[in-house]
Amino acid sequence: MKKIVYSTLILLLFICLDNYYINGLEENKNENELKVIKTYEEDLTGNGLKEIIELKGVLFSPDSNYYRDLVAVITTSENKVWEIPYMGGYEPNLSFIDLNHDKVNDIFFQSATGGSGGLYQYHLHTLVKNNLSELPLPEQPFVKGNFLDNFKVGVTISPNSEPIIVDVHNRKDDYIRLGLYSKDGKLIKETSAMVDPIAFLEPKFISKSKGYGLKSYQQVSGAYHADQLGTVESLWYYDRDKWILLQTKWMPSN
């Protein structure tokens, strides 16, 4: 009798462990499954018919707002499917704007990285005549900054412009403590200002005949990232497979 009870208990234990293992696999599968964040309908191929675009993602954890995996799934009326994988981020979003000026809307993706610098990640794709390709985004190679004598910083924002002189007398105590300046304002060693990459992009309507471009924002700091001097705002237009810089403006920090 004892052997029967013992065998029954062992059998029940194996059944429980098996169910626990299966349920665990199901939970992991659900956690790793891409879920639809938002659904869009847009004509992206230029054939006059709208495609269905699903932005899908997997949350890092149930109590997190960070998506560790993101993908856009595009399905045509003929059930042809494309997938665009993106890196993880917060608040992912798709916009549909004709930025390369071929009369067909492009796919503009953005999401916040969540870093201290307030950076976003962006991607721009075009899908015309069933050909999916990624377009480059503008880069700003011209912005430079250097500390100068008498507690000043020279910031150059375009290739043919004179440096903008930023007076940093109100921060001199900090700079003297850091060893950048002597007490009389003499620069102790040549030091560059901190120029961030483009942190934020937004579509910008230029004119009815020209359509849309992109506006970029790029932070310039002094001795450390929180030592903000100002922001470079640039307006870009895509023409003949490259971005043209139309306008650059310096906006000093308050």
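The values are calculated or read from the model by the stated rules, or taken from the named source; none is laboratory data. Since this is a predicted model, take the numbers as computed values, not measurements. Here the Cβ positions follow ideal geometry from the backbone for every residue, glycine too, while neighbour counts run over all protein chains shown.
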Tell me yes or no: at least one residue of segment 90-106 is within 21 Å of residue 232 (Cβ to Cβ) and either surrounded by fewer than 16 Cβ atoms within 10 Å (Cβ to Cβ) or not polar (S, T, N, Q) (or both). yes
Within segment 118-127, is there a residue that is exposed (fewer than 12 other Cβ atoms within 10 Å of the Cβ) and either in the same structural domain as residue 178 (by TED's automatic domain parsing) or closer than 18 Å to residue 200 by Cα (or both)?
no
Checked segment 98-142 for anything of a type outside the set (S, T, N, Q) and within 20 Å of residue 80 (Cα to Cα); matches are 104, 106, 107, 125, 127, 128, 129, 132, 134
So, first residue touching a residue at least 24 places away in the same chain (Cβ under 8 Å) and assigned to a loop (DSSP other than H, G, I, E, B) in segment 214-238, second residue polar (S, T, N, Q) and surrounded by fewer than 20 Cβ atoms within 10 Å (Cβ to Cβ), Cβ within less than 8 Å, six or more apart or across chains; the pairs are 222/228; 223/191; 225/116; 227/221
*Based on what the data block shows, is residue 71 within 20 Å of the chain's Cα centre (by Cα) and among the hydrophobic types (A, V, I, L, M, F, W, C)?*
yes
Taking segment 162-194 and the residues there that are among the charged types (D, E, K, R) and either closer than 15 Å to residue 228 by Cα or not assigned by TED's automatic domain parsing to the domain that holds residue 229 (or both), the one that is surrounded by the fewest Cβ atoms within 10 Å (Cβ to Cβ) would be 167
